[in-house]
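Every read-out reported here was derived from the displayed coordinates using simple, explicitly stated rules and does not represent laboratory data. Since we're looking at a predicted model, the values are computed, not measured. Every residue, glycine among them, receives a Cβ derived from its backbone with ideal geometry; neighbour counts consider all protein chains shown.
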């Protein structure tokens, strides 16, 4: 059962603010998709199920970060810069 | 550098370091068990003819099963860097079985033969409880925060492996310092020889040669001989009638044992090898039951240290190589000979390295805000370590804590300690069920950080129930209001009430930010 711990920053400018998507690096995305498919549970202060995982832009790939929309961050009850677990 | 071995192709030079860690670490426990049983007059025919071969069968099966799990994982993921889980004797469970079951059986007047039968029955039952744990382990894992599991593994690593490792170095600095510094330069500094020889292997080989040069190795051939494991099903079933009074000891220590397995598998998952928790617990239980049928008296478990082995490029092969060594040890009595060849300080370097990795992993693979939960998870293990050192120190003078000390200061030694300012009552309370206490406290603190006081209250209620029945803060299962653990049950319940009351009322009477940086 693979688990990833990632630090969440704000989402991309062209992303919809209401979407339930978390952007992570390719290696983590590949490992999670193999285990769970293209949606995962994200554990912040609250748990949010069925969050879609997408790849970070190339610029961010080596940054050890994730990006998520404000709506998802609110649902997780965290703030920018805090870590979440992807299960 | 990898040499292909079957489809998984996982024979790696780092496997030799894994053998030193797994095999040589475990044969120390063989020696402890043999000495402890000799101390109550068990004949050599039982110790070396039944118990040690049975123990070796269990560990051999455990190693083979974990190697099989590793190969399956490698095949499933297509990776070549899979590390097998290390198999071993659970050291806390070993001491509880020796001093909480076997010694009392001996002092109740039973002959060594009958004691051994009862002990094999206890071990067999313990394995069955571990198998049951395989069905509830995955559920528990989903309910509690990850920091609670990794934190308790880090605590065990800090207290039992890191300290023991460095203490050995300081016990013999001329032998130990060069070995430890080579290991640290390579493993932590990243310095590596041109041919990429694993530095753990370099430090171990150097340590053995250095010890030989200094004359620190005395070869022991006294255990050599031929002894085949004997299937003793009848003995196990005859032993059951003697162990009923000890169920209150066997059940909690086996709960402790299957939780230890769950923690160690979580640590392996965090290191990148996604083993199945329930399946591993069932393997542990089955191996323990089979080992009991061959005469063993202590249970198997997944050993700590997977993360360190993985980082030092250990693969899967070390597991089946260790299995072969256990088989040879069992049949030819090699364990004493092998133990004498490996200076304790050299084996302890592998312990120190694995423990450091477990601590680092616990901090890096969980959200940083959970750092306080990790810190509190370490403390019950410190109590466990303190208790063990005091117990062994007094034992050297013929005073046995399990017989003489109580938690309510009613005996002379406890009272003397308290008078001298030693907070002994707290140490003993935290020592009993240290893993569970550690998980519960880390869970509570993580939930508090995550603004889930309702869940923290539930965790305290669970702690209260476990205390009330003596699963924690008591050396055996108990029941009622006049027990050692009852005050703790009350304390946890009060804490639960406070958490829930604040959870209900905080929106009206408090100002709680979503994020609060306590450091």
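Couple of notes before you dig in:
- Gap separating the Cα centres of the stretch B:183-243 and the stretch B:155-169, nearest whole Å: 17 Å
- Overall dimensions of the protein assembly as shown by Cα: Rg and Dmax, Å: 24.8, 80
- Percentage, to the nearest whole number, of Cα pairs in the stretch B:183-295 over 19 Å apart: 73 percent
- For the stretch B:97-174, average projected area of the Cα convex hull in nm²: 8.6 nm²
- Here the label points at residue A:7 and residue B:332, each 7 Å from Cα along the C-beta direction, are separated by 5.4 nm in the simple model.
- Hydrodynamic radius by Kirkwood, which averages 1/r over all alpha carbon pairs of the stretch B:162-246, in angstrom: 17.0 Å
- Rg ratio for the stretch B:98-252: its Cα radius of gyration over 2.2 N^0.38 Å, N being its residue count, equals 1.53.
- Listed peptides B:475-485, B:328-338, B:267-277 appear in the order B:267-277, B:328-338, B:475-485 once ranked by packing, highest mean of other Cβ atoms within 10 Å at the front.
- Using the alpha-carbon positions of chain B, Rg (one decimal) and Dmax (whole number) come out as 23.0, 76 Å.
- Note on the protein assembly as shown: antiparallel DSSP beta bridges, both residues inside, total approximately 65 percent of the bridges counted.
- Helical runs assigned H by DSSP (4 residues or longer) give chain B a calculated mean residue ellipticity at 222 nm of -21000 deg cm²/dmol, each run adding -39500 (n - 2.57) before division by the residue total.
- Debye-formula intensities of the stretch A:4-86, expressed as log10 I(q)/I(0) at q = 0.11, 0.13, 0.22 Å⁻¹, are -0.23, -0.32, -1.00 (one equal scatterer per alpha-carbon, no solvent).
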